[in-house]
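**Q** Below is the structure I would like to discuss, written out as structure tokens.
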Amino acid sequence: MKKRYPSYSVFRPSNAYSSAVKKKVKSANTRAEITLRRSLRKAGMRFRINDISIPGKPDLTFPRYKVAVFCDGDFWHGRDWPQLRKKLMNRANSSYWIAKIIANRRRDRAVNHLLFKMGWVVVRIWETDILSDIDRVPSSLLLFIRKDKIVKTSCLRIPGTAQRKKKL
């Protein structure tokens, strides 16, 4: 997979405080990831964390079953993208943020496709879903980690409760 990253060198932060806040956002060991790992360990599941030998460096991997799990941040990976995009249009540096999130979403699709070609099942879970209903996630993951169950898709999203709570 050829790495093509957009250049953001022409963009400047809208203010110093905003820049400082965004720089502190972690890419690994986030609250959602730690919560998910604790819950999976409690359920007796064994996994690897941030395995760099696998494309995309998944947050969790189950090598025996060839399952890669990504905990996607709602903002950074564009959850509810049409609505988020509209909100970003009215904010500072909108062209920067829209380009950044579009690049992240493209990269996610490329990683999903590559892992699928390599025989892996990709499971993507939104951080909000992990934090709002962690008890549901291990049982949902078990469906994809069974040896006897073959899932023929490049990427699965574990449906969360966050979407349903908004509609109520």
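**Q** Being within 26 Å of ARG136 (Cα to Cα), polar (S, T, N, Q) and surrounded by fewer than 16 Cβ atoms within 10 Å (Cβ to Cβ): is that true of ASN50 here?
**A** So ASN50 passes the test.
**Q** While we're on this one: Which residue is farthest from PHE62 (Cα to Cα), if the candidates are limited to the range 110-137 and must be of a type outside the set (A, V, I, L, M, F, W, C) and touching a residue at least 40 places away in the same chain (Cβ under 8 Å)?
**A** My answer is THR128.
**Q** Still on this structure: Of all the residues that make up the range 116-132, how many are of a type in the set (A, V, I, L, M, F, W, C), assigned to a helix (DSSP H, G or I) and surrounded by 22 or more Cβ atoms within 10 Å (Cβ to Cβ)?
**A** Number of matching residues: 1.
**Q** Another one. Can you name the residue in the range 47-84 that is part of a strand (DSSP E or B) and not hydrophobic (A, V, I, L, M, F, W, C) and, of all such residues, is nearest to LEU114 (Cα to Cα)?
**A** THR61
FYI, it's all coordinate maths here, none of it is from the lab. The model shown is predicted, which means the values in this text are computed figures rather than measured ones. Heads up, the Cβs are rebuilt from the backbone with ideal geometry, glycines too, and the neighbour counts pull from every protein chain shown.
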